[in-house]
Amino acid sequence: MHGLNSTLKEVLGGRTATALAKAFDIITVEDLLRHFPRRYAERGELTDMSSLQVDEHVTVMADIVSVTKRPMRQRKGSLLEVVVSDGKNSMKLTFFNQDFRENQLKVGRRGLFSGKVSVFNNTRQLQHPVYVLIPSDSEPDPEAVAAFARPLIPVYPATSTVSSWVIEKAVDIVFDGLDPLIKDVIPDDLIAQHKFSDLITAFKNIHHPATRADIKSATARFAYEEALTYQVILAQRRADLAAESATPRARKPGGALEHFDRNLPFTLTAGQVNVCEEIFTDMEQAHPMHRLVQGEVGSGKTVCALRAMLAVVDSGGQAALLAPTEVLAQQHYRSIRAMLGDIATEESIFDKQNSYSTKVALLTGSLKTAAKRSANLDIVSGAAGIVIGTHAILQQHVDFHELGLVVVDEQHRFGVEQRAALAAKAPEDTRPHVLVMTATPIPRTVAMTVFGDLDISTLSELPAGRSPIATHLVPAAEKPQFLERTWQRVREEVAKGHQVYVVCPRIASNESEDSDELLSDPADLTGTLSNVEDMFVKLQQGPLFGLRIAKLHGQMHPDEKDEVMKSFAACLIDVVIATTVIEVGVDVPNASVMVIMDADRFGVSQLHQLRGRVGRGGVPGLCLLVTYTLEDSTARRRLDAVCATTDGFELSRVDLEQRREGDVLGASQSGRRSSLKILNVLRDEEIIESARLDAMEIIAVDHKLDNHLPMKKRIFEVLEDERATYLDKA
């Protein structure tokens, strides 16, 4: 008899357990039972081969239609080529010097074939796949027949070393001796309320379903369990935050905020006024504000944040703005000082003449020692009421005089731990108010799951003066003349006195990347993955010869990056060739065109943010998405969606539909237990909402989960994995 915590080494033996641990980090019985099938095959149902992707590890059910053996041309030995088909499409299985397989792989046989999809001579193939042939009704081997006796055959995520049927056999062994009294994460009353099956039945229904209805019910049950786990974590965080103390920060008559508002050169939108009132109301409470402000690029989030920062300065506190990159931190520093005007002083707070003035300090990792020392002195003394910086602010030796507000720009770049590290710099026994900003629109279900510990405000309207942005596709592979026209259009725009961004996915041709390249030569302007270094040379010597061109990327020295952006903002540069360092915060009103090379390499929301860098003045913006992808590809459809709408919330749903939920939730690297396996944050909105309400009721009466020990254990495992990931990244 074994339980969920039993190791697979005890249950399966060392060889299989070692293979599962190495391939999937599966260690315990529960890890294996939560390695759910990817899909289910039926003996009479073949796999659709048209959907197979190159470099994907697949398991397909197919019929053998031909078997050919021939000697190899370049070396000794033979090559066995087996063609399998789904009735419409086919692919090759290739075996080198394995003649014995000719006696197994006969025309007309059906089997499961597992391997990594590759392409040779424009034909998809599996090299040396592992396989199991489905027995015929007259098959003499009863064990082989029993393996396929189930109406639905589970197909598991597999590797070249651990096939789907090896995992299935391991699951069978685990079920044989499983303790029938294992504890369920979902409380008994909720199982009854939602009419869920018990945990063992759910495991059996998802691994050994008799019908599609079994799969549906088990899937809904495990999706709810995942949703409930995350919602309980968020409910605990909300309760913990509500119990903490914070210094109320009320607006002060005649202070910096009032002076700032009086001198604003524009009128706040109705949305900005409403959001600011929500922020001010939160900050006047004796417990810390935790609010997220989401809004399109250019919707005025920074002005709202600055007004909140000034209210804190007026109350005698300090505000810190945490930016994800040095370029953005420096941009915020310049723009905030410009907006503040005479409020931003160089004098000590003890000597200043204006009661409403304060120092603005910049703290980044690249500052020279003397500048860092000066900034730290201003921060610890309280002379700097507003502090802007990168991760450098989080360092232990950075101490604040009285930190009252933390503003986090682009929340998706930071984790909860980083937010907490900065918040911990507040005076003893208090917490600062926290304001989070993002230009990436968030679907409601993601807001409930990822940002469930935050109240959410939305800026949905753009300030007056923002120009429309037209977005067009440039299919460079099919119509190279469109790419030529792109560079002509750039020259025309520069001739009008405007400026242009050219964005590339890579810095240099030798830079490694996670995904495989579509084309082979990264330096070729006519059909390849682009990079800043080569594009700079080719454009400078070719279609943009004579224009003032500069490059900008993350590996440049911070002073050099800052100088490029200053020159670009001052109209001393016509074209900046950059990576996504210009994605957020960079504000050049005279920039009217953005060309995004290999646009299919960027996410939908990222493309939407990038194009928001143009059209920020009175000139209409133009965004050109250059791609070499084929017309009917998934990547092309994604780009078509970006061209079709400027609605960021609509695009965020498109983006989410095409990405793994684990990535969206920041859990793709967070360990086996914390990544989502079943829950779909778009499809399962009702499940998430139901779990959210249930979690709030649980925490209201049992905050420490002393009466819900299985849930407490699961949450501990999830949070431990997340902490380990954070420490590893740090």
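The values are calculated or read from the model by the stated rules, or taken from the named source; none is laboratory data. Quick caveat, the model's predicted, so the values are computed rather than measured. Ideal geometry is used to build each Cβ from the backbone, glycine not excepted, and the neighbour counts take in all protein chains shown. Just so you know, the surface numbers come from the protein's heavy atoms only, side chains and all, with ligands and any DNA or RNA stripped out. Shrake-Rupley method; radii C 1.70, N 1.55, O 1.52, S 1.80 Å.
Worth pointing out:
- Assessment of the range 302-320 against the conditions (open to solvent by 30 Å² or more (accessible area, probe 1.4 Å), in a loop (DSSP other than H, G, I, E, B), farther than 25 Å from LYS252 by Cβ and of a type in the set (S, T, N, Q)) yields no matching residue.
- Residue list for the range 554-579, restricted to those being closer than 20 Å to TRP487 by Cα and of a type in the set (Ser, Thr, Tyr): THR579
- Qualifying positions in the range 54-71 - open to solvent by less than 30 Å² (accessible area, probe 1.4 Å) and over 23 Å from PRO37 (Cβ atoms): ILE64
- Scanning the range 368-393 for residues that are touching a residue at least 60 places away in the same chain (Cβ under 8 Å), of a type in the set (A, V, I, L, M) and not in a strand (DSSP E or B) yields ILE379, ILE393.
- Residue count for the range 279-297, restricted to those that are within 30 Å of VAL614 (Cα to Cα) and open to solvent by 20 Å² or more (accessible area, probe 1.4 Å): 2
- Within the range 288-321, the set of residues being of a type outside the set (A, V, I, L, M) and without any contact (Cβ under 8 Å) to a residue 60 or more places away in the chain comprises just one member, ARG307.
- Subset of the range 73-105 that is of a type in the set (S, T, N, Q) and open to solvent by less than 70 Å² (accessible area, probe 1.4 Å) - its residue that is farthest from PHE120 (Cα to Cα): GLN98
- In the range 240-278, the residues that are under 27 Å from the mean Cα position of the chain (by Cα) and hydrophobic (A, V, I, L, M, F, W, C): LEU241, VAL275
- Residues of the range 422-446 that turn out to be aliphatic (A, V, I, L, M), over 19 Å from GLU284 (Cβ atoms) and in a helix (DSSP H, G or I), as a count: 2
- Residue that is modelled with the highest pLDDT, among those in the range 466-482 that are open to solvent by less than 70 Å² (accessible area, probe 1.4 Å) and touching a Pro at 6+ places or on another chain (Cβ under 9 Å): ALA470
- Taking the conditions (1) within 23 Å of ALA218 (Cα to Cα); (2) open to solvent by 40 Å² or more (accessible area, probe 1.4 Å); (3) in contact with a helix residue (DSSP H, G or I) (Cβ under 9 Å, 6 or more places away or on another chain) in turn, GLY3 satisfies each one other than (2).
- Candidate set: the range 539-569, residues that are of a type in the set (D, E, K, R) and crowded, with 17+ Cβ neighbours inside 10 Å; chosen: the one modelled with the highest pLDDT: LYS551
- Among the residues of this structure, VAL327 does not count as one that is crowded, with 24+ Cβ neighbours inside 10 Å and closer than 30 Å to ASP240 by Cβ.
- Residue satisfying all of: in the range 447-460; assigned to a loop (DSSP other than H, G, I, E, B) and not β-branched (Val, Ile, Thr); nearest to VAL275 (Cα to Cα) among these: SER460
- Filtered residue count, the range 609-636, keeping only those that are hydroxyl-bearing (Ser, Thr, Tyr) and assigned to a loop (DSSP other than H, G, I, E, B): 3
- Summed over the range 84-120, the residues that are farther than 21 Å from THR159 by Cβ, within 40 Å of the chain's Cα centre (by Cα) and of a type in the set (Phe, Trp, Tyr) give a count of 1.
- Close pairs from the range 44-60: first part of a helix (DSSP H, G or I), partner open to solvent by 40 Å² or more (accessible area, probe 1.4 Å), Cβ under 9 Å, at least 6 apart: MET49/LYS88; MET49/ASN89; MET49/SER90; MET49/ARG124; SER50/LYS88; SER50/ASN89
- Among the candidates GLU493, GLU513, residue that is among the acidic types (Asp, Glu) and either part of a helix (DSSP H, G or I) or modelled with pLDDT of 90 or more (or both): GLU493
- Residue, surrounded by the most Cβ atoms within 10 Å (Cβ to Cβ), within the range 716-730, restricted to residues that are hydrophobic (A, V, I, L, M, F, W, C) and either within 22 Å of the chain's Cα centre (by Cα) or modelled with pLDDT of 95 or more (or both): VAL718
- Annotation for the range 110-122: no member residue is more than 24 Å from THR161 (Cα to Cα) and either open to solvent by less than 80 Å² (accessible area, probe 1.4 Å) or in a strand (DSSP E or B) (or both).
- For the range 634-649, the set of residues classified as in contact (Cβ under 8 Å) with a residue 12 or more places away in the chain, more than 17 Å from PRO505 (Cα to Cα) and surrounded by fewer than 22 Cβ atoms within 10 Å (Cβ to Cβ) consists of THR634, ASP640, ALA641, CYS643, THR646, PHE649, listed by residue number.
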